[in-house]
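Everything below concerns the one structure shown next.
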Amino acid sequence: MHHRRVLSAVLLIPAFLLFIHASSPLAFHLLVSVAVALAGWEFARLCPVQTGRGFGLLGAVAALLWQASLVRGSGAGLVTLALTGAALLRLLWTRAEFRSGAIQAAWLVLGAAYVGGFLGCAGLLRDQPAGRQLVYFLMLTTWAADTGAYYVGSTVGRRPLAPALSPKKTVEGAVGGLLATALTALIAGHWLLPALSWWAAVGLGLLLAAVGMAGDLCESGLKRAAGVKDSSGIIPGHGGILDRLDSLMFAGPCLYALVRLGWL
């Protein structure tokens, strides 16, 4: 499992970084759309009640619609109404038990906002004047946090961080992730965001790491509620798209909010 995890990272991370460097904002939005569709399908599969055929596809479409409304800057309310109506009509069509159908409808809207909204912020970051650098900084610091937490936690981790959500995550792993992020942010900030002082770059990296850990725990709670280990098996050694991007789904909107507020 560990060898597959390392191999997937070695193959995918450089390819992704090269894609960011070479692609236009539109191409990056399209890549985010692919991730949104796959993650939306995975989220639908985590629904706590039995869903039946077609629900995964509906989840993917719902997430893409929410992403589209985010990129357009309007229409989220209409998307919510349309999704709710579609889910309730599906309930009538399939003649499912009403309680299950209501949970499915709520899950569909939640998944659209959670996946399409949070992941969609990565595309909005790329649209900024320094978008390429911002995306690089986001990816590098978040990956550093994940990597540091994984290796430190699996080596010396003893005290559970949030046993109700993820029994394997430890306090020691979280500290290791923060330290790895601080070092990465110090180097990446000097290279990518030279206008930031070294302490501001480190502070920003630590903030994104902490928010990303919250996103990781949130997705762990969703999987625990669904009774599954991974959201899917798309990425060997890592699980699914949600498993790989759960930290980014919280850190991305946080960084975008800071940019929109004019703090970066």
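Prolate is the label for the stretch 124-199, because a/c, from the alpha-carbon gyration tensor with a ≥ b ≥ c as root eigenvalues, is 1.5 or above and a/b exceeds b/c. Is the shape of the stretch 2-260 best called rounded, prolate or oblate, per the rule: a/c under 1.5 gives rounded, else a/b larger than b/c gives prolate, else oblate, with a ≥ b ≥ c the square roots of the Cα gyration tensor eigenvalues? Note, shape of the stretch 2-260 comes out oblate.
Candidates GLY52, TYR114, ILE187 compared by Cα position along the dipole of the stretch 2-260: farthest toward the positive end lies GLY52, with charges placed on Cβ. Against the longest principal axis of the chain, how steep is helix 131-156, in degrees 0 to 90 to the nearest 10, with axes from Cα atoms? Compared with the principal axis, the helix lies near 90 degrees. The string of couplings for the stretch 40-57 from the Karplus curve (6.51, -1.76, 1.60, θ = phi - 60°) is x, 5, 5, 4, 4, 5, 8, 3, x, 10, 5, 10, x, 6, x, 6, x, 5 Hz, one whole number per residue in order, with x for Gly and Pro. Cβ-to-Cβ counts within 10 Å put TRP143, TRP263 in ascending order as TRP263, TRP143, the fewest first.
Of all the options GLY54, GLY239, GLY123, the one that moves most in a Gaussian network model of the chain with Cα springs shorter than 10 angstrom is GLY54. Phi angles of the stretch 208-215 translate, via the Karplus equation with coefficients 6.51, -1.76, 1.60 and θ = phi - 60°, into HN-Hα couplings of 5, 5, 5, 5, x, 5, 4, x Hz per residue; Gly and Pro are given as x. Using θ = phi - 60° in the Karplus curve 6.51 cos²θ - 1.76 cosθ + 1.60, the 3J(HN,Hα) couplings for the stretch 78-83 round to 5, 4, 4, 4, 5, 5 Hz; x is entered for Gly and Pro. This model, with +1 at the C-beta of Lys and Arg and -1 at the C-beta of Asp and Glu, gives the chain a dipole about its Cα centre of some 420 debye. Residues considered: ALA22, ALA68, ALA112. Largest GNM mean-square fluctuation over the chain, using C-alpha springs under 10 Å, is found at ALA22. Give the angle, between 0 and 90 degrees and rounded to the nearest 10, that separates the Cα long axis of helix 171-192 from the longest principal axis of the Cα atoms of the chain. Roughly 70 degrees between the two axes.
Please identify the trypsin sites (Lys or Arg not before Pro) of the stretch 18-73 that satisfy two criteria: DSSP loop assignment and at most 10 other Cβ atoms within 10 Å. Which are they?
Qualifying residues, ordered by number: ARG53.
For the stretch 114-175, the list of trypsin sites (Lys or Arg not before Pro) that fall in a loop by DSSP and count at most 15 other C-beta atoms within 10 angstrom reads ARG158. Taking a ≥ b ≥ c as the square roots of the eigenvalues of the alpha-carbon gyration tensor, the stretch 209-253 is classed oblate because a/c is 1.5 or more while a/b is no larger than b/c. Under 5 Å between amide hydrogens, built in the peptide plane, is the criterion, and for THR170 it picks out LEU161 among residues at least 5 positions away or on other chains.
Potential lengthening of the chain between PHE98 and ILE13 amounts to 26.2 nm, from the contour at 0.36 nm per residue minus the alpha-carbon distance.
Where a number appears in this text, it was derived from the coordinates with a stated rule and is not lab data. In this text, all values refer to a predicted model and were calculated from it rather than measured experimentally. A quick note on method: Cβ atoms are made from the backbone with ideal geometry, for glycine too, and the neighbour counts reach across all protein chains shown.
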